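This report refers to the structure that appears directly beneath it.
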Amino acid sequence: MKHIIIAACLAVALSGCKQETIVKEIEVEQNKNEYNVQAVLWQQHAAENDALYYQGYNTAKLQLDAALENILSYKKTLAIITDIDETVLDNSPYNAKLIKDDLSYTKESWNEWCQLAQAKPLPGAVSFLNYAASKGVVIFYITNRSTEVKEVTLKNLQKYNFPFADASHIQLKEDMSNKEPRRQKILDDYEVILYMGDNLADFADVFDGNDRNLKAAELAANFGTKFIVFPNPMYGDWESKGIFEGNMGGTPMVIDSVRKSKLEGY
């Protein structure tokens, strides 16, 4: 009888463990965006986030003024190349919706958000770009938004009085996400004095690989002088290439385990 009771207790315990495992798997499945809550809260509420944008645009103005003092040394018209998303426009509401509705990113849902043309300007963006335009500097927007949302993207920029918000000064993704060919096209006719973005691939194609930290160290002198970087803890190559090394496939539980495996503790 004693053996039967022990066996029964063991079976219940094992059953409990199995149920707990299933519950944990369900929790991970149901909260696949939970990891991004803190990042979106930072983007939407942290004064430090705003301060970093102000700092970035203040730094850009210092570099622009320095270039204007030596304008006679340039043979071409001065220009600035800027990214759009998380550089001049804030898309954190889209990421917040993914969290609240427990959805994954899709091109369709992203385009639906873009169609609303409701993304607000990030701190300092409108002021700086209009200042640059007032000095005769041409602004080009290079974005990996698809051509499907070109008109609404321009509408969004025009809504907040961004300069050069027209079809001839915006370049969207057509057949490839690499921005280098689009940058080179502008360099044919302009002297680009500043590149601005939230992703290192906004500056040079050497950052398109997985050795991004190494390349950042090699080009350290460009940051704050020619490259102006803005914060984006929500998404980007820092995650897809830096953390997942180009492979973000797998179940939410597998993806979660990869994230945690990259944590460096003591």
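Please verify whether Y195 is surrounded by 13 or more Cβ atoms within 10 Å (Cβ to Cβ), among the aromatic types (F, W, Y), over 13 Å from Y141 (Cα atoms) and at pLDDT 95 or above, treating the condition exactly as stated. Before you say what the answer is, go through the steps one by one.
Details: surrounded by 13 or more Cβ atoms within 10 Å (Cβ to Cβ): yes; among the aromatic types (F, W, Y): yes; over 13 Å from Y141 (Cα atoms): no; at pLDDT 95 or above: yes.
Taking the combined requirement at face value, the residue does not satisfy it.
Condition test on K215, is it more than 17 Å from A39 (Cβ to Cβ), under 17 Å from the mean Cα position of the chain (by Cα) and modelled with pLDDT of 95 or more?
Values: more than 17 Å from A39 (Cβ to Cβ): yes; under 17 Å from the mean Cα position of the chain (by Cα): no; modelled with pLDDT of 95 or more: yes.
So K215 fails the test.
For the stretch 240-254, what are the residues that are free of Cβ contacts under 8 Å to residues at least 12 places away in the same chain, in a helix (DSSP H, G or I) and within 20 Å of V40 (Cβ to Cβ)?
First, the residues of the stretch 240-254 that are free of Cβ contacts under 8 Å to residues at least 12 places away in the same chain: 240, 247-250, 254.
Filter again for in a helix (DSSP H, G or I), leaving 240, 254.
Within the stretch 240-254, S240 is the sole residue that qualifies.
With respect to L14, determine if the residue is modelled with pLDDT of 95 or more and aliphatic (A, V, I, L, M). Break it down stepwise before answering.
Values: modelled with pLDDT of 95 or more: no; aliphatic (A, V, I, L, M): yes.
Answer is no for this residue.
Please verify whether the stretch 219-239 includes one or more residues that are surrounded by 13 or more Cβ atoms within 10 Å (Cβ to Cβ), hydrophobic (A, V, I, L, M, F, W, C) and assigned to a helix (DSSP H, G or I). Reasoning before the result, please.
Step one: list which residues in the stretch 219-239 are surrounded by 13 or more Cβ atoms within 10 Å (Cβ to Cβ), which gives 219, 222-239.
If we keep only those that are hydrophobic (A, V, I, L, M, F, W, C) too, we end up with 219, 223, 227-230, 234, 238.
Applying the additional criterion that residues be assigned to a helix (DSSP H, G or I) yields 238.
The answer is yes, given that some residue of the stretch 219-239 is surrounded by 13 or more Cβ atoms within 10 Å (Cβ to Cβ), hydrophobic (A, V, I, L, M, F, W, C) and assigned to a helix (DSSP H, G or I).
Which of the residues spanning the stretch 107-126 are part of a helix (DSSP H, G or I), of a type outside the set (K, R) and either more than 30 Å from K61 (Cα to Cα) or touching a Gly at 6+ places or on another chain (Cβ under 8 Å) (or both)?
As a first pass, look at the stretch 107-126 and keep what is part of a helix (DSSP H, G or I): 107-116, 125-126.
Next, from what is left, pick out any that are of a type outside the set (K, R): 108-116, 125-126.
Selection gives E108, S109, W110, N111, E112, W113, Q115, L116.
Scan the stretch 106-140 for residues that are among the small types (G, A, S) and farther than 24 Å from R182 by Cβ and jot them down. Step through it out loud before you land on a result.
First pass over the stretch 106-140, keeping only residues among the small types (G, A, S): 109, 117, 119, 124-125, 127, 132-134, 136.
Across the stretch 106-140, the qualifying residues are S109, G124, S127, S134.
What's the number of the only condition in (1) closer than 20 Å to I139 by Cβ; (2) not in a helix (DSSP H, G or I) that M176 fails to meet?
The single condition M176 does not satisfy is (1).
Scan (1) of a type in the set (A, V, I, L, M, F, W, C); (2) at pLDDT 95 or above; (3) surrounded by fewer than 18 Cβ atoms within 10 Å (Cβ to Cβ) for the single condition L64 breaks and write down its number.
Condition (3) is where L64 drops out.
Just name the residue that is surrounded by the most Cβ atoms within 10 Å (Cβ to Cβ) out of those in the stretch 165-180 that are over 17 Å from M196 (Cβ atoms) and among the polar types (S, T, N, Q).
N178
Take the residues in the stretch 100-124 that are aliphatic (A, V, I, L, M) and crowded, with 20+ Cβ neighbours inside 10 Å; name whichever of them is farthest from A39 (Cα to Cα). It would help to see each step written out before you state the result.
Let us first name the residues in the stretch 100-124 that are aliphatic (A, V, I, L, M), namely 103, 116-117, 119, 122.
Now drop any that are not crowded, with 20+ Cβ neighbours inside 10 Å, which leaves 119, 122.
On the way: A119: 17, L122: 16 Å.
Within the stretch 100-124, the match that is farthest from A39 (Cα to Cα) is A119.
Specify which of the listed residues (N33, N58) is modelled with pLDDT under 95 and under 30 Å from Y141 (Cβ atoms).
The match here is N33.
So, in the stretch 64-106, of the ones that are in a strand (DSSP E or B) and farther than 23 Å from T153 by Cβ, which residue ends up farthest from the chain's Cα centre (by Cα)?
Once the filter is applied, the top-ranked residue is T77.
Among (1) at positive phi; (2) part of a helix (DSSP H, G or I), there is one condition G136 misses while meeting the rest; what is its number?
The failed condition is (2).
In the stretch 38-61, which residue that is more than 18 Å from N91 (Cβ to Cβ) and small (G, A, S) is surrounded by the most Cβ atoms within 10 Å (Cβ to Cβ)?
Ranking the qualifying residues of the stretch 38-61, first place goes to A60.
The values are calculated or read from the model by the stated rules, or taken from the named source; none is laboratory data. As the structure is a prediction and not an experimental result, all values here were calculated from the model. Every residue, glycine as well, gets a Cβ built from its backbone with ideal geometry; the counts of neighbours run over all protein chains shown.
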